[in-house]
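The values are calculated or read from the model by the stated rules, or taken from the named source; none is laboratory data. Not measured: the values here are computed from a predicted model. Cβ placement follows ideal geometry from the backbone for every residue including glycine, while neighbour counts extend to all protein chains displayed. For accessibility, only protein heavy atoms count, side chains too; no ligands or nucleic acids. Shrake-Rupley method; radii C 1.70, N 1.55, O 1.52, S 1.80 Å.
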Amino acid sequence: GNSVTQMEGPVTLSEEAFLTINCTYTATGYPSLFWYVQYPGEGLQLLLKATKADDKGSNKGFEATYRKETTSFHLEKGSVQVSDSAVYFCALRGMYNNNDMRFGAGTRLTVKP
Amino acid sequence: GAGVSQSPSNKVTEKGKDVELRCDPISGHTALYWYRQSLGQGLEFLIYFQGNSAPDKSGLPSDRFSAERTGGSVSTLTIQRTQQEDSAVYLCASSLADTQYFGPGTRLTVL
């Protein structure tokens, strides 16, 4: 079945450092790919998404490119801020089943000033 | 506009008791999902409602878990005879298309 494997955390960075959180997936066909973020004390919210190969999702300085050839959707940000401290979840939605949503285990990011 | 709301925000119960968790989705969203988030784990799919179709219950871990959605809106997740391993954060999400909007969750602690 479909699955998502996400870089284990926690990740601790200094402000303005470069961030990469790796995500790879296993799925049939062409799933839609997502990154969700959970800030402390808040619910999960969509950060960005990509629905077809080579699409780049971007939001709040974060980017992720849908790579079919490597089955990856790595999250990147060039310069992190303290306010980016949160848990990040990679997710996919199956191509053939609208409710087939799979989430990774989450990666906790802490950014220190 | 109003987002997805869940109640209660926290629930502490004794082993063997029944609990009900409530989810109010975003108005007009036809799809509703329940997930469980255990400490250090990802989101575990529990059940999915789509419009008037029969729900997808394939993620429910045992027959102690059940859920209903009345009038295509509010949903209640019921856990009977709670066990300590049921302790987790229970998340509800609703969607109209492919983006899910999550509620803040209910933290369930079974003593």
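Restricting attention to the stretch B:1-27, the residues that are of a type in the set (Val, Ile, Thr) and outside any loop (DSSP other than H, G, I, E, B) total 3. Residues in the stretch A:58-69 that are open to solvent by 20 Å² or more (accessible area, probe 1.4 Å) and touching a strand residue (DSSP E or B) at 6+ places or on another chain (Cβ under 8 Å) were compared, and the one that is nearest to the other protein chains (Cβ to nearest Cβ) is A:Asn59.
The residue that is farthest from the chain's Cα centre (by Cα), among those in the stretch B:1-11 that are open to solvent by less than 60 Å² (accessible area, probe 1.4 Å) and within 14 Å of chain A (Cβ to nearest Cβ), is B:Gly3.
Name every residue in the stretch B:84-108 that is open to solvent by 50 Å² or more (accessible area, probe 1.4 Å) and of a type outside the set (D, E, K, R), in order of residue number. Result: B:Gln84, B:Leu96, B:Ala97, B:Tyr101, B:Pro104.
Residues in the stretch B:38-79 that are within 14 Å of chain A (Cβ to nearest Cβ) and closer than 21 Å to B:Gly16 by Cα were compared, and the one that is least open to solvent (accessible area, probe 1.4 Å) is B:Leu46. For first residues located in the stretch B:88-111 and closer than 24 Å to A:Gly94 by Cα and without any contact (Cβ under 8 Å) to a residue 12 or more places away in the chain, partners that are of a type outside the set (Phe, Trp, Tyr) and open to solvent by 10 Å² or more (accessible area, probe 1.4 Å) and lie 6+ apart or on another chain with Cβ distances below 8 Å form the pairs B:Asp98/A:Ser32; B:Asp98/A:Lys49; B:Asp98/A:Thr51; B:Asp98/A:Arg93; B:Asp98/A:Asn98; B:Thr99/A:Leu46; B:Thr99/A:Lys49.
Would you be able to tell me the number of residues in the stretch B:53-106 that are among the acidic types (Asp, Glu) and under 19 Å from B:Gly3 (Cα atoms)? Looking only at that region, the number is 1. Annotation: of all residues in the stretch B:12-37 being among the basic types (Lys, Arg) and farther than 28 Å from A:Leu109 by Cα, the one that is nearest to the other protein chains (Cβ to nearest Cβ) is B:Arg22.
Evaluating B:Ser94 against the criteria (1) more than 10 Å from the chain's Cα centre (by Cα); (2) of a type in the set (Gly, Ala, Ser); (3) within 11 Å of chain A (Cβ to nearest Cβ) leaves one unmet condition, (3). Only a single criterion out of (1) surrounded by fewer than 18 Cβ atoms within 10 Å (Cβ to Cβ); (2) of a type outside the set (Lys, Arg); (3) in contact with a Lys or Arg (Cβ under 6 Å, 6 or more places away or on another chain); (4) in a strand (DSSP E or B) is not satisfied by A:Gly9, namely (4).
Counting the residues of the stretch A:32-57 that are within 10 Å of chain B (Cβ to nearest Cβ) and either surrounded by 13 or more Cβ atoms within 10 Å (Cβ to Cβ) or outside any loop (DSSP other than H, G, I, E, B) (or both) gives 10.
Among the residues of the stretch A:70-103 satisfying the criterion of being within 14 Å of chain B (Cβ to nearest Cβ) and under 18 Å from A:Pro40 (Cα atoms), which is surrounded by the fewest Cβ atoms within 10 Å (Cβ to Cβ)?
Taking the candidates together, the pick is A:Val87.
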